[in-house]
Amino acid sequence: MKYRSHVTSEIDESIVDGEVRVAGWVDSVRDHGGLVFIDLRDHGGIIQLVLDPADAPAEHELAHTLRNEACICAAGRLVMRDPEVVNPNLATGTVEVRTTELEVLSRAGVLPFQLSDENVDETVRLRHRYLDLRRERMQRNLRLRATAVRAMREYLDEHGYVELETPVLTRSTPEGARDFLVPARMRPGNFYALPQSPQLFKQLLMVSGFERYYQVARCFRDEAQRADRQLEFTQLDIEQAFATREEVYSMVEGLFAHVWERTIGATLATPFPRISYHDAMLRYGSDKPDLRFELEIADLTDAWAETGFGVARGAIDAGGVVRVLAGPGAGRFSRREMDELTDYAREWGARGLAWFVVEEDGSLRSPVAKFLSDEEQRVLLERSGAAPGDAIFLMADTEATTCRVLGALRTHLIEILQLEPSSDWAFAWIVDPPVFDWDEDEQRWSPNHHPFTAPTDESLDLLERDPGAARAKAYDVVLNGFELCSGSIRIHDQDVQRRVFEVLGIDRAEAEARFSFLLRALEMGAPPHGGIAPGIDRMVMLLAGEQNIREVIAFPKQQYGIDPLTDAPAPVDTGQLRELSLALDLPPSEAGQAGTSAAVGAGRDG
Ligand code: ASP
């Protein structure tokens with residue numbers, strides 16, 4: 001017991017009059033009428049130390065010199081506080097330690113910010129992350145994360161899944177992002193890719209007969225960072241052999257129910273509702289709808305087939321759609337606010353947005369109402385589900401643009417109308433997405449999930465004939481507007497795998513060059529298999545009630561992948577580059593930031 005006899009969370013009135021020894025950080029120091037009070041903080045909470053010059057003059061003197069966040073160790077007798085100084089906000093608020101021993105284990109210099117300051121610039125917080133992580137909120141978040149991961153392991157171990165590791169230095173695993181490459185010193189000119197996911201290895205483990213696998217896996221994707229995305233992130237990677245979609249669904253529902261119960265004591269309603277990808281796009285304009293809100297998009301295209309209303313007519317004639325979304329209470333928006341919403345829609349690619357306010361008597365007020373027949377107005381009102389006081393927003397365009405814009409508008413309206421969510425946790429399965437999406441820029445098909453996803457049995461005939469119509473045995477879990485995980489039943493038949501590669505423009509030679517190991521494995525008794533990969537960062541962000549995954553990652557990166565703590569990425573010296581047989585070829589604007597033997601040599605080689 002050199003440093004402590006109790007963690008503060010173990011201290012309560014039952015040990016009053018006993019000796020305690022505690023260790024932690026100075027949360028605050030106060031001098032009141034000659035007595036010095038220190039709030040000592042450890043991972044269990046806070047305990048008040050009181051130093052009386054009459055009890056311990058030297059310690060009292062020392063206490064005066066302490067700064068916040070110094071690391072200290074103290075001992076003394078636990079006593080009841082005087083009733084008038086009881087702190088009901090503190091678990092140990094009725095007691096205090098009459099301190100007779102005080103040792104400074106490590107002094108604290110000038111702090112870049114006070115822990116109590118909630119408004120510190122994020123870069124400053126990350127640059128001093130070791131200090132930032134001392135905050136109660138960050139301690140809570142990261143401990144919650146640990147509890148969540150433990151709960152995942154508990155559940156999967158219990159259900160016969162084996163935790164296995166797969167390589168980090170590997171070949172490209174396409175998940176639709178750019179690879180991070182690592183030059184191979186021993187094979188000059190060759191590169192490892194960091195895994196975008198362990199996808200191919202987990203499939204190989206199924207061929208190997210492990211049948212049920214999981215891994216808390218770090219994945220790397222070189223893509224734009226957002227509040228819910230990091231260049232490196234952690235997912236709970238799962239795969240199982242002989243699995244149907246139904247089996248995956250119930251396993252995942254059980255997993256989430258267990259994690260929610262263990263972390264925040266919430267009981268989830270299972271099974272989760274299922275919505276087809278097609279319906280999600282139609283009704284919510286998104287494949288990750290926030291289902292805590294009831295707002296739904298409605299289609300008018302068939303009912304308005306004969307319309308003379310210009311924009312709608314034009315869109316329908318061009319093979320597009322007419323869709324509407326009602327905003328509850330949005331009838332109160334001023335003309336200017338309506339214009340702002342139109343601008344918002346334009347930012348998302350709309351050419352325009354028509355609006356209709358539903359008056360008390362059920363009539364429609366709108367600059368364009370006069371272009372609509374009574375019947376068109378009736379259908380508009382009926383299908384949108386709008387009531388007096390609401391506003392209806394109408395778009396006519398291609399299906400893709402209409403989905404995108406109304407989906408974004410739905411999210412925006414929820415925010416600006418400050419709508420009340422109908423539940424805390426709106427989980428849903430989004431199922432049967434397309435196998436392929438048409439990539440306009442590249443003018444070719446790309447995988448909607450990844451190239452190893454099995455088409456539905458009915459879609460096998462469509463692969464070459466009508467790739468856009470082929471549906472996949474794939475599924476996502478969405479929660480409160482976030483995609484929490486994606487997964488699928490995989491292709492375990494070499495022929496089907498080759499056909500999918502072909503549609504994706506990967507011919508035989510390229511398939512062999514990139515994926516021969518997979519194709520060979522599929523020739524050797526590969527069982528049917530499927531899996532999923534919940535994103536742990538996002539999951540914990542939602543459990544913690546945070547808006548940003550950086551708040552649940554110990555050492556996250558900022559924009560452009562920069563880590564303000566270590567200053568990574570950093571230049572390397574020319575010697576290191578030479579060893580890797582690499583030479584830099586930078587545009588002049590960036591050359592100054594890169595490593596040169598002169599610039600870096602001084603710092604690194606000394
Ligand atoms: N590999 C997929 C991903 O990272 C997940 C899966 O299909 O299991 O999104």
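The values are calculated or read from the model by the stated rules, or taken from the named source; none is laboratory data. Since we're looking at a predicted model, the values are computed, not measured. When we count neighbours, we look across all protein chains shown, and the Cβ atoms used for this are built from the backbone with ideal geometry, even at glycine. The accessibility values were calculated without ligands, DNA or RNA, using every heavy atom of the protein model including side chains. Shrake-Rupley method; radii C 1.70, N 1.55, O 1.52, S 1.80 Å.
Key figures for this structure:
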read-out	value
Some residue of the stretch 492-510 being modelled with pLDDT of 95 or more and assigned to a strand (DSSP E or B)	no
Search result, residues across the stretch 368-383 that are basic (Lys, Arg) and in contact (Cβ under 8 Å) with a residue 24 or more places away in the chain	Arg383
Test: residue in the stretch 304-317 that is touching a residue at least 24 places away in the same chain (Cβ under 8 Å) and within 19 Å of Arg410 (Cβ to Cβ)	no
Lone qualifier among Ala521, Ala526, Ala513 - being modelled with pLDDT under 95, of a type in the set (Gly, Ala, Ser) and more than 31 Å from the chain's Cα centre (by Cα)	Ala513
In the stretch 432-453, the residues that are in contact with a strand residue (DSSP E or B) (Cβ under 7 Å, 6 or more places away or on another chain) and away from the ligand (no atom under 14 Å from the Cβ)	Asp432, Pro434, Phe436, Asp437, Trp438, Asp439, Trp445, Ser446
Subset of the stretch 530-543 that is closer than 30 Å to Met206 by Cα and part of a helix (DSSP H, G or I) - its residue that is farthest from the ligand (Cβ to nearest atom)	Val540
Residues satisfying the stated conditions in the stretch 15-31, i.e. within 18 Å of Val79 (Cα to Cα) and surrounded by fewer than 16 Cβ atoms within 10 Å (Cβ to Cβ)	Ile15, Val16, Asp17, Gly18, Glu19
Within the stretch 2-11, tally of residues that are open to solvent by 70 Å² or more (accessible area, probe 1.4 Å) and not hydroxyl-bearing (Ser, Thr, Tyr)	3
Pair list, Cβ under 8 Å, 6 or more apart: the stretch 531-560 residue surrounded by fewer than 20 Cβ atoms within 10 Å (Cβ to Cβ), other residue assigned to a loop (DSSP other than H, G, I, E, B) and of a type in the set (D, E, K, R)	Asn548/Asp228
Of residues in the stretch 269-291 being hydrophobic (A, V, I, L, M, F, W, C) and in contact with a strand residue (DSSP E or B) (Cβ under 7 Å, 6 or more places away or on another chain), the one farthest from Phe427 (Cα to Cα)	Leu282
Count of the stretch 466-488 residues which are assigned to a strand (DSSP E or B), open to solvent by 20 Å² or more (accessible area, probe 1.4 Å) and within 15 Å of the ligand (Cβ to nearest atom)	4
Any hit, the stretch 422-442, residues being under 25 Å from Phe515 (Cα atoms), in contact with a helix residue (DSSP H, G or I) (Cβ under 6 Å, 6 or more places away or on another chain) and touching a residue at least 12 places away in the same chain (Cβ under 8 Å)	yes
Pairs with Cβ under 7 Å, 6+ apart, first in the stretch 483-498 and free of Cβ contacts under 8 Å to residues at least 24 places away in the same chain, second open to solvent by less than 30 Å² (accessible area, probe 1.4 Å) and in a strand (DSSP E or B)	none
Residues (touching a residue at least 24 places away in the same chain (Cβ under 8 Å), closer than 16 Å to Asp495 by Cβ and open to solvent by 50 Å² or more (accessible area, probe 1.4 Å)) located in the stretch 517-527	Glu523, Met524, Gly525
Matching strands (runs of 3 or more DSSP E) fully within the stretch 35-114 where at least 3 residues are without any contact (Cβ under 8 Å) to a residue 60 or more places away in the chain, touching a Phe, Trp or Tyr at 6+ places or on another chain (Cβ under 6 Å) and surrounded by fewer than 15 Cβ atoms within 10 Å (Cβ to Cβ)	none
Residue count for the stretch 517-548, restricted to those that are touching a strand residue (DSSP E or B) at 6+ places or on another chain (Cβ under 7 Å), of a type outside the set (D, E, K, R) and under 16 Å from Leu484 (Cα atoms)	8
Residues (part of a strand (DSSP E or B) and of a type in the set (Phe, Trp, Tyr)) located in the stretch 170-197	Phe191, Tyr192
Enumeration of residues in the stretch 99-135 that are more than 27 Å from Ala568 (Cα to Cα) and not β-branched (Val, Ile, Thr)	Glu101, Leu102, Glu103, Leu105, Ser106, Arg107, Ser116
Condition check for Glu546: away from the ligand (no atom under 16 Å from the Cβ), of a type outside the set (A, V, I, L, M) and part of a loop (DSSP other than H, G, I, E, B)	yes
Residue list for the stretch 497-516, filter: touching a strand residue (DSSP E or B) at 6+ places or on another chain (Cβ under 9 Å), open to solvent by 20 Å² or more (accessible area, probe 1.4 Å) and hydrophobic (A, V, I, L, M, F, W, C)	Val503
Strands (runs of 3 or more DSSP E) wholly inside the stretch 199-280 that include at least 1 residues being more than 16 Å from the ligand (Cβ to nearest atom) and surrounded by fewer than 19 Cβ atoms within 10 Å (Cβ to Cβ)	274-276
So Ala583, is it touching a Leu at 6+ places or on another chain (Cβ under 7 Å) and surrounded by fewer than 16 Cβ atoms within 10 Å (Cβ to Cβ)	yes
